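Here's the structure, in structure tokens; my notes come after.
The values are calculated or read from the model by the stated rules, or taken from the named source; none is laboratory data. A quick note: this is a predicted structure, and the numbers were derived from the prediction, not measured. Ideal geometry is used to build each Cβ from the backbone, glycine not excepted, and the neighbour counts take in all protein chains shown. The accessibility values were calculated without ligands, DNA or RNA, using every heavy atom of the protein model including side chains. Shrake-Rupley method; radii C 1.70, N 1.55, O 1.52, S 1.80 Å.
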Amino acid sequence: MQLQDKTALVTGGGTGIGAGIAMGLARAGCRVAITGRREEKLREVADAYRKSDGGELLVHASDVADRDSVQELFEWADGELGRVDILVNSAGINVPKRKMAELDPADWDKLIQVNATGAYNTIRAVLPQMRERKDGLIINISSIAGLRASLLGGVAYSASKFAMTVLGTCVGLEERENGIRVTNVYPGEVETPILDARPNPVSAEHRARILQPEDIASLVVTVASLPPRAHVPDLVIKPTTQEFF
């Protein structure tokens, strides 16, 4: 229980990586709140955790792309958590039509708003309280596509993840004297519902070979368990068989 008495807010907590991270942090001792657009998915994760571990995940639906919704989320978190020691930005989406020739401008806007502006909105909301305490950890779940432009991820997804990467790096540099640490995590392929948006179906065998949400959760718990003097700016994690170049 190395994170006993710490609090965490996880966006995108209703599925995939976010759900895995929320459970991992809760098992390590954190009081954890999860948020996402679909309350029924959040409730499913909270129910699953209650059944498996007998613990509680707090639930609050919100849309990270909507600044007013994010403001309301943090007002709620202030009352339920008291403070946010750890913010995990795991909300992310992609679309099937990813090439420039077929990408709908509305999908471009949607990916930038959720994947990049969503992280900006939550970071902007949490920074004042972290500055006041001179302490805080922000973990951005970016992507290998946020380091190397990827045809697999597509033009809009890659652009949004590059933006998220730069956001995290700049905020980490700006806020380090305030005791605030920012870690960008760059996963390769992970077995999550985002695979359902692939242009070509992904086989069950492939899904079994790639990273699982609990792999990312283990990494995040390790980073969160480090003392305030230790900062990990960037971490790449990928399936053993996936190329990284």
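A few points about this structure:
- Residue-level accessible surface for residue 166, protein heavy atoms, 1.4 Å, Å²: 80 Å²
- Sulfur and carbon atoms: percent of accessible area, the chain [1.4 Å]: 52 percent
- Partners of residue 110 within straight-line reach, counting lysines whose Cα lies under 29 Å from its Cα and excluding those fewer than 8 residues away in the same chain: 41, 97, 99, 161, 238.
- Overall form of the stretch 32-152 per C-alpha gyration tensor (a/c, 1.5; a/b vs b/c): prolate
- Shape call, the stretch 39-94: gyration tensor on alpha carbons, a/c limit 1.5: oblate
- Alpha-carbon centroid distance for the pair the stretch 179-230 / the stretch 58-79, whole angstrom: 23 Å
- Cα gyration tensor, the chain - rounded (a/c under 1.5), prolate or oblate: rounded
- Restriction of the trypsin sites (Lys or Arg not before Pro) in the stretch 155-245 to DSSP coil positions whose beta-carbon has at most 14 other beta-carbons within 10 angstrom yields 229.
- Reported to the nearest whole Å, the Cα centre-to-centre distance from the stretch 108-166 to the stretch 82-105 is 8.
- Solvent-accessible area per residue, Å², over the chain with all protein chains present [probe radius 1.4 Å]: 48 Å²
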